[in-house]
Amino acid sequence: MTGRDTGRNSASRGRRMADKARGPRRPRVEAPRDEAADIGVEARLAAGVLLNAALEGRGGLDSALNFREVASLEGPDRAFARAVAMAALRRLGEIDQILDRRLQKAPPLAIRTILRVALAQTLVLETPAFAAVSTAVKLAERDPKTRPYKNLVNAVLRGVGRDGPGLTTAESNLPEWLAARWKATWGEAGLNALALAAREEPATDLSVKPDADPAEVAALVEGEALPGGTVRTGRRGDVASWPGFEDGSWWVQDAAAAVPVRLLAPQAGESIIDLCAAPGGKTLQLAASGASVVALDRSETRLKRLRANLERTKLEAEIVVTPAEDWEDARAFDAVLLDAPCTATGTFRRNPEVLRATKPAEVAKLADVQHRLLDAAAERVKPGGRMVYCVCSLEREEGETQIIAFLRRNPAFRTVPAVPAEVGAPDEALTPEGWLRILPSMWAEKGGLDGFFVARLDRVA
């Protein structure tokens, strides 16, 4: 800090000397407002707001989309701000490694945010360095609290541009406690593969209605059909403008998220309940099979998206708003799907904020919820019926451990081993018990998957 202040004082003395040589200063004339530059600054400000909201807690980024700094932007600028925030979240550990090598002492959070946003642009999104540096300095200038650090912002960013970022480690993007857990479960190589997967922005996956041809949908959205029938596309932007959206030919759903319903194997005319149904991609799969479907969830707000998608795809389901364990309806079903609430650590490709928002205590807390929901779900299965339990978590306490304990409590149920090729899952996802443990690092050559644990349990007649 001392060296920077000395340089600033020296520069000020030089300007005063030059002013004396030129004579009296003329009145300042305001330059025309550069609206494009102002929008660029506002978009970067919004990116910082989104980044910090995501770091403050689960769901923070989505809530921040309604903040004035974000909501006031035009669509393309709002999309850019979100893209920058997501890039910063995916590479946060590496970005901080770069900054810590260049900062003698920790700056205020506002300055670190400006630097993080700028490096996410240049190092991840390949934004021209001059644009990122210029807007970062302007951001620092606009607030009296950050203005004294504008030269620091300029020096750090230009230094990285001149010298390069230096060596960083993918594992640094993971919270230490999660990295330790995953290393203990999958070893050093498994941890490294997960860390590399966490860096990358995923493509968009679409589930296709049975009356639509996946190959034709893939051609329309410039994508490819994956095993199981999911269509994967590298398209970006508003999905509502994509071919096939308006006529309800498909809905957005990660390829791994489509596996549980395929394992449940719904049949036309069967009665099926989707417990914890929101946001509803699996409900749409069930309804598309011709089954009679009940979609139950405790959140009316989260069910709004399901209602809209049912209307768009012209599919039908009975929607019930209540906690699964409190539902007083006496019906039993041919098949039950339980996609239980979980830490969602397997979704870090699409939701990088979950890695920062999830705390160690949540694993045990949610495991207790899953235990209760499993027992409630079992009571809904007819004799001779079946149940699929799944979570988008990488934690064993929420997956394997739950099923081991459930089978001990419920001798009327038995595991039906999955056949990966039949349900569109990677072969290496099959566990010795016959369950599926899908990791985000699998199918890396195809672009990866969300992490899931999936088990099918049949009730003995």
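The values are calculated or read from the model by the stated rules, or taken from the named source; none is laboratory data. All of these numbers come straight from a predicted model, not from anything done at the bench. We place every Cβ from the backbone using ideal geometry, glycine too, and count neighbours over all the protein chains shown. When the accessible area is computed, the model is the full protein with side chains, heavy atoms only, and any ligands, DNA or RNA have been set aside. Shrake-Rupley method; radii C 1.70, N 1.55, O 1.52, S 1.80 Å.
What do you reckon, is W182 part of a helix (DSSP H, G or I), open to solvent by less than 20 Å² (accessible area, probe 1.4 Å) and touching a helix residue (DSSP H, G or I) at 6+ places or on another chain (Cβ under 8 Å)?
yes
Picking from V41, V49, which residue would you name as being in contact with a Lys or Arg (Cβ under 7 Å, 6 or more places away or on another chain) and closer than 23 Å to N151 by Cα?
On the way: V49 fails: in contact with a Lys or Arg (Cβ under 7 Å, 6 or more places away or on another chain).
Sole residue among the options that is in contact with a Lys or Arg (Cβ under 7 Å, 6 or more places away or on another chain) and closer than 23 Å to N151 by Cα: V41.
Only one of (1) surrounded by fewer than 21 Cβ atoms within 10 Å (Cβ to Cβ); (2) within 20 Å of the chain's Cα centre (by Cα); (3) touching a residue at least 60 places away in the same chain (Cβ under 8 Å) is not met by L61, so which one is it?
(1)
Regarding region 16-34, can at least one residue be identified that is within 19 Å of A132 (Cβ to Cβ) and either modelled with pLDDT under 55 or surrounded by 18 or more Cβ atoms within 10 Å (Cβ to Cβ) (or both)?
Yes; the residues of region 16-34 include at least one that is within 19 Å of A132 (Cβ to Cβ) and either modelled with pLDDT under 55 or surrounded by 18 or more Cβ atoms within 10 Å (Cβ to Cβ) (or both).
Before we move on, is E397 open to solvent by 10 Å² or more (accessible area, probe 1.4 Å), in a helix (DSSP H, G or I) and out of contact with any Lys or Arg (no Cβ under 8 Å at 6 or more places or on another chain)?
yes
Pick from R408, R356, R372: which is within 27 Å of T322 (Cα to Cα), of a type in the set (K, R), open to solvent by 10 Å² or more (accessible area, probe 1.4 Å) and assigned to a helix (DSSP H, G or I)?
R372
Within region 222-246, can you find the residues that are at pLDDT 95 or above and among the β-branched types (V, I, T)?
Listed by number, the residues that qualify are T230, V231, T233.
May I ask you to list the residues in region 394-416 that are free of Cβ contacts under 8 Å to residues at least 24 places away in the same chain and farther than 23 Å from R181 by Cβ?
Step one: list which residues in region 394-416 are free of Cβ contacts under 8 Å to residues at least 24 places away in the same chain, which gives 404, 408, 411.
Selection gives R408, P411.
Quick one: count up the residues across region 127-171 that are free of Cβ contacts under 8 Å to residues at least 12 places away in the same chain and among the aliphatic types (A, V, I, L, M).
Number satisfying all stated conditions: 1.
From (1) surrounded by fewer than 16 Cβ atoms within 10 Å (Cβ to Cβ); (2) assigned to a helix (DSSP H, G or I), pick out the condition that doesn't hold for L152.
It fails just one condition, (1).
Would you point out the residue of region 108-123, among those that are β-branched (V, I, T) and under 23 Å from the mean Cα position of the chain (by Cα), that is surrounded by the fewest Cβ atoms within 10 Å (Cβ to Cβ)?
T122
Go through region 429-452 and give me each residue that's more than 21 Å from E200 (Cα to Cα) and either in contact with a helix residue (DSSP H, G or I) (Cβ under 7 Å, 6 or more places away or on another chain) or open to solvent by 70 Å² or more (accessible area, probe 1.4 Å) (or both).
Result: L430, P432, E433, W435, L436.
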